Structure formats: structure tokens, C-alpha cells
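The values are calculated or read from the model by the stated rules, or taken from the named source; none is laboratory data. Here the structure is a predicted model, which is why all the values come from computation and not from measurement. A quick note on method: Cβ atoms are made from the backbone with ideal geometry, for glycine too, and the neighbour counts reach across all protein chains shown.
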């Protein structure tokens with residue numbers, strides 16, 4: 001079903017692509033943020049200076065869940081040059097009701113995921129929204145973008161200088177040329 005869902009989604013908001021065409025620098029720095037991983041470890045984004053970063057909100061029971069295998073392929077392809085983090089969320093119709101342990105097990109068993117997975121949290125705009133998604137979806141913080149995730153598997157790219165450069169909607173595969181070119 002995933003290829004069909006992706007194709008149909010490109011005709012809707014799920015095919016949205018936004019770019020920081022002016023190369024606007026953030027008002028507050030991405031590198032001051034951090035995330036708690038499903039392992040309990042805290043990952044400081046300051047560790048990513050000099051690397052591209054791909055942040056993706058995810059869910060285990062979504063039509064786009066097949067992108068986990070594409071994300072893993074991308075992770076293997078780019079190695080240490082790209083830091084990728086999955087952010088499980090239950091913001092879109094109850095598609096991530098699992099616990100952090102169940103999510104980790106699901107990702108590993110079904111998709112062989114070796115990149116970091118955050119604790120489950122909120123990615124849409126509301127008082128409980130995770131700090132990194134507040135930064136990603138508030139132009140007063142990131143410099144240009146107010147667009148929150150349209151659905152599960154929305155993707156944000158931050159360049160080596162900590163500038164948010166792109167937003168890709170869920171229907172854009174992690175292996176599509178447009179996204180790959182943004183990572184080069």
C-alpha cells in the first residue's frame with residue numbers, strides 16, 4: 001500500500017516541499033537543543049555541528065511506515081556525514097500508541113533501524129510540542145518556517161551550519177532525488 005499512498009499523497013498537502021531560498025539564519029540556534037532518546041540517553045544537538053541533520057516524525061501504524069526502510073538505507077548510504085533522528089508521535093489519528101520499548105523493538109525487527117529514535121512525544125503545535133519541533137515550525141526561532149508536520153513522516157533538513165534548509169512532506173520519499181540533492 002505504501003507506494004500507492006505515497007503517489008496519492010503527492011497531490012495533497014502531504015507532497016509539500018518548502019525551501020529556505022534566502023538562506024535565512026535562525027534567530028535561536030539549533031545547536032542549543034537536545035532530545036531524549038528511547039534508550040534514556042540525552043543527545044545534544046551541538047554534537048551535530050558540521051553535519052547535515054534529517055529529523056523525521058514517525059509512527060508505527062501509518063501508511064508511510066515503509067519509509068523506515070528507506071530512512072535506514074539513507075542512514076547507511078551517508079554514514080557519519082548525516083545525522084538522522086526519528087521522532088515517534090501519536091498526533092495523527094492514533095497511529096503510534098505503542099510504548100517507547102515497543103517502538104524500538106518494532107523499528108529494529110521490521111526495518112533494522114540503527115539510527116537514533118527519540119522518546120514518543122508531540123510534534124504538532126500545542127503546549128506539549130517537543131522543543132525541536134517548536135524550533136522547526138516557528139519562524140521566530142528558525143528564521144523562516146512556520147510549517148508544522150502535515151502528517152507522519154514529514155522531514156526537516158538542517159545544514160552543517162545549523163540552518164533549517166528544507167521541509168519535505170510525508171509523500172516525499174527519503175530516497176527521491178529532490179531530497180537526496182538537498183542532503184548533498
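What to note about this one:
- All told, residue 64 falls short of being closer than 17 Å to residue 168 by Cα, in contact with a helix residue (DSSP H, G or I) (Cβ under 7 Å, 6 or more places away or on another chain) and modelled with pLDDT of 95 or more.
- Evaluated against (1) touching a residue at least 60 places away in the same chain (Cβ under 8 Å); (2) assigned to a loop (DSSP other than H, G, I, E, B); (3) surrounded by 14 or more Cβ atoms within 10 Å (Cβ to Cβ), residue 57 falls short on exactly one condition, (2).
- Test result for residue 167, touching a residue at least 60 places away in the same chain (Cβ under 8 Å), buried (at least 17 other Cβ atoms within 10 Å of the Cβ), within 22 Å of residue 44 (Cα to Cα) and touching a helix residue (DSSP H, G or I) at 6+ places or on another chain (Cβ under 7 Å): no
So that you can scan it fast, the table gives a plain yes or no per residue for (1) crowded, with 17+ Cβ neighbours inside 10 Å; (2) touching a residue at least 60 places away in the same chain (Cβ under 8 Å); (3) on the phi > 0 side of the Ramachandran plot; (4) in contact with a helix residue (DSSP H, G or I) (Cβ under 7 Å, 6 or more places away or on another chain):
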position: 85; (1), (2), (3), (4): yes, no, no, no
position: 102; (1), (2), (3), (4): no, no, no, no
position: 144; (1), (2), (3), (4): yes, yes, no, no
position: 150; (1), (2), (3), (4): yes, yes, no, yes
